[in-house]
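Beneath this line is the structure, given in structure tokens, with notes to follow.
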Amino acid sequence: MSFTLIMNDGQNAGKSLSYDKGEVRIGRLRENDLVLYSTGVSRHHCTIFQRGGKYQIEDAGSSNGTIVNGKRIEGPASLNDGDAIIVGPVSFVFKLDSSGQMASHHEALEHQNSAGVSEAKTQAVDGAAVRRMLRQSAPGGSADGSAPAAAQGSAEQPRRRRVTGQRHAAANGESAAPAAEAAPAGPVSMAEEGSASSAKRVTGDPARRARLAEAKKKAEEAKLSEQNPEPIKEITAKVKPRKPFGVWWKEQPKNKKIIMASGAGIGLLVIVLLILKTLSGSTIVQTDYSDKVFPLNATNSRKIYGLGNIKPERGYYCADKVSFSFDYAGGMAVLRYSVSSIEAPNELAIYVNNKLAGYAPIAPSRWMPDVRMRLPASMLNPHAKNVITFDSTRNPPEKDKWGIRQITITEKPLPDADPDRAMQLFSLAQEAYKSYLVDPANLSVSIGHYGDALMFLERLDPKPPLYGQIEVAMKEAEAALQDIYDTKMFQAFKAQKNRNFEEAREILNDLMRYLPNTEDERRQEIQNRLKYLGQDR
């Protein structure tokens, strides 16, 4: 049994999504079976599953909940044909699909029809009955299967003619010789006929005498050829001599010479280029900078570091890891970077002074810009050189691609510890986060308030429980902003690819509202894209 979800509104209204699975997950992340790129849809929003021969739906702890027939469900709820389902801002109509049962019915009918055809083809046929029927339908046929009288008469006529001939020969005083004796196989003389009547027929027929003489002559020639065989003649094949290439080339027309010479030149050039490419690829040896510690500055931050097709003028080949040194004055340090070719959550580890501080986010294909991470003050050495390391956990032994760029570490002075002020900023951040659907800029504002609240707790040791709550809320807000950025950038790229430039500009301008901070590199990337789309097409 399968089911179909029919979208009820939006630009995809009327679109049908059919599933033949025991469980279908719905959410905003790509790992779901049905991915809905909408800000009102949670990462894992709800699940439709089959239990006891019926389909049910259960909310996965989403922010906006799941609504069935106008009521928000609190646990597993049964689904019937025609039920209305609302997931965030998207609504569906649930339809049970009976195509599987209809297909089984059609297959049964086809099997029945094919069986009938097979039986008709393999049905036994009585040959004797057919012959009797044909004889009865023929003119003069009888029911007992005997042949018609005319047919019998025609079959007996040659016999009567032969008897009549013999009687005629006896009446004329001739012997009725068998047919084999009347026409001997080899040359026969008149003395060998064996009867006077035969001799009379031979001598009285000139044509027969000529045939007998010719047959006798051929028999004698065949006997002589066997005794004296003719010698075998030696046959020598005449081979036409091959012309030298120079003579053959002079005989060719001028236009043919030009075509052949051009083709040979192009083929030789292709072979030379392939050889040069092979030799150049095999002789290039990339220097591995995995053990080098780069000083973190504005020049190095623009380079690319990692494993991949990195040209020397654009970056450094680092198969395993890359390290940077920086100064720390005792404030709140924030790491910012861009990352690419990361396919697993724990693929690229980040160490601060050889202590694990976290992991880079997943960025499987294109570059993910402006990734931020607060460096724990307990891992940093004030007024001394510190080292931050990006380490690919798969390499070695593997040679998995990865890359980082635009690495910067900014530091803010830490204020005195003030838990009350931290609580106020935490409350402001939560209010801003709840209202970002009304004003998209509030999402970035909430992230800023979360960061400021942490600063007023940074000097406390040990950290209060509020510190952990703020960290969790801040990560959730940052993930929501990144998801919105990725979704809208993908939509804009798709519209641009389809040459819908006006639609692409509208999507990018809407995305700008989520990033009011002019220092955010994601905002700068949007501005560059808008500038490109603003050109005359």
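The values are calculated or read from the model by the stated rules, or taken from the named source; none is laboratory data. The structure displayed is predicted, hence computed values, not measured ones. Because the Cβ atoms are built from the backbone with ideal geometry, glycine has one as well, and the counts that use them run over all protein chains shown. These accessible areas exclude ligands, DNA and RNA; they are computed on the full protein's heavy atoms, side chains included. Shrake-Rupley method; radii C 1.70, N 1.55, O 1.52, S 1.80 Å.
Summary table
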read-out	value
Boolean, residue 431 is open to solvent by 20 Å² or more (accessible area, probe 1.4 Å), modelled with pLDDT of 90 or more and either farther than 27 Å from residue 332 by Cα or part of a helix (DSSP H, G or I) (or both)	yes
Close pairs (6 angstrom Cβ cut-off, 6 or more residues apart or separate chains): part of a strand (DSSP E or B) in the range 312-334, polar (S, T, N, Q) and modelled with pLDDT of 90 or more anywhere	321/290; 321/389; 323/389; 326/386; 328/386
Residue that is surrounded by the most Cβ atoms within 10 Å (Cβ to Cβ) [pool: residues in the range 23-41 that are under 13 Å from residue 88 (Cα atoms) and in contact with a Leu (Cβ under 9 Å, 6 or more places away or on another chain)]	26
Any hit, the range 428-448, residues being hydroxyl-bearing (Ser, Thr, Tyr), farther than 26 Å from residue 337 by Cα, touching a helix residue (DSSP H, G or I) at 6+ places or on another chain (Cβ under 8 Å) and free of Cβ contacts under 8 Å to residues at least 40 places away in the same chain	yes
Residues of the range 365-395 that turn out to be over 22 Å from residue 290 (Cα atoms) and open to solvent by 70 Å² or more (accessible area, probe 1.4 Å), as a count	7
Of all residues in the range 396-418 being open to solvent by 80 Å² or more (accessible area, probe 1.4 Å) and not in a strand (DSSP E or B), the one that is nearest to residue 344 (Cα to Cα)	401
Qualifying positions in the range 336-351 - of a type in the set (A, V, I, L, M), out of contact with any Ser or Thr (no Cβ under 8 Å at 6 or more places or on another chain) and either assigned to a strand (DSSP E or B) or surrounded by 17 or more Cβ atoms within 10 Å (Cβ to Cβ) (or both)	339, 342
Test: residue in the range 504-512 that is among the aliphatic types (A, V, I, L, M) and either within 25 Å of residue 331 (Cα to Cα) or touching a Ser or Thr at 6+ places or on another chain (Cβ under 8 Å) (or both)	no
First in the range 285-296 and among the hydrophobic types (A, V, I, L, M, F, W, C), second anywhere and surrounded by 11 or more Cβ atoms within 10 Å (Cβ to Cβ), Cβ under 6 Å, 6 or more apart	293/323; 293/325; 294/300; 294/324; 296/324; 296/326
Unmet requirement for residue 303, which otherwise passes all of (1) over 23 Å from residue 395 (Cα atoms); (2) modelled with pLDDT of 85 or more; (3) among the charged types (D, E, K, R)	(1)
Residue check for residue 461: crowded, with 19+ Cβ neighbours inside 10 Å and either among the small types (Gly, Ala, Ser) or within 26 Å of residue 421 (Cβ to Cβ) (or both)	no
Extreme residue, most open to solvent (accessible area, probe 1.4 Å), among residues of the range 491-537 that are part of a helix (DSSP H, G or I) and under 14 Å from residue 39 (Cβ atoms)	491
Qualifying residues in the range 352-364 (those that are in contact with a helix residue (DSSP H, G or I) (Cβ under 7 Å, 6 or more places away or on another chain) and part of a strand (DSSP E or B)) - the one surrounded by the most Cβ atoms within 10 Å (Cβ to Cβ)	352
First in the range 245-273 and open to solvent by less than 70 Å² (accessible area, probe 1.4 Å), second anywhere and at pLDDT below 85, Cβ under 8 Å, 6 or more apart	257/249; 260/252
Matching residues in the range 44-62 - criterion: being free of Cβ contacts under 8 Å to residues at least 40 places away in the same chain and touching a Gly at 6+ places or on another chain (Cβ under 8 Å)	44, 49, 58, 59, 60, 62
Residue selected from the range 42-91 under the condition in a strand (DSSP E or B) and among the acidic types (Asp, Glu), by the criterion least open to solvent (accessible area, probe 1.4 Å)	59
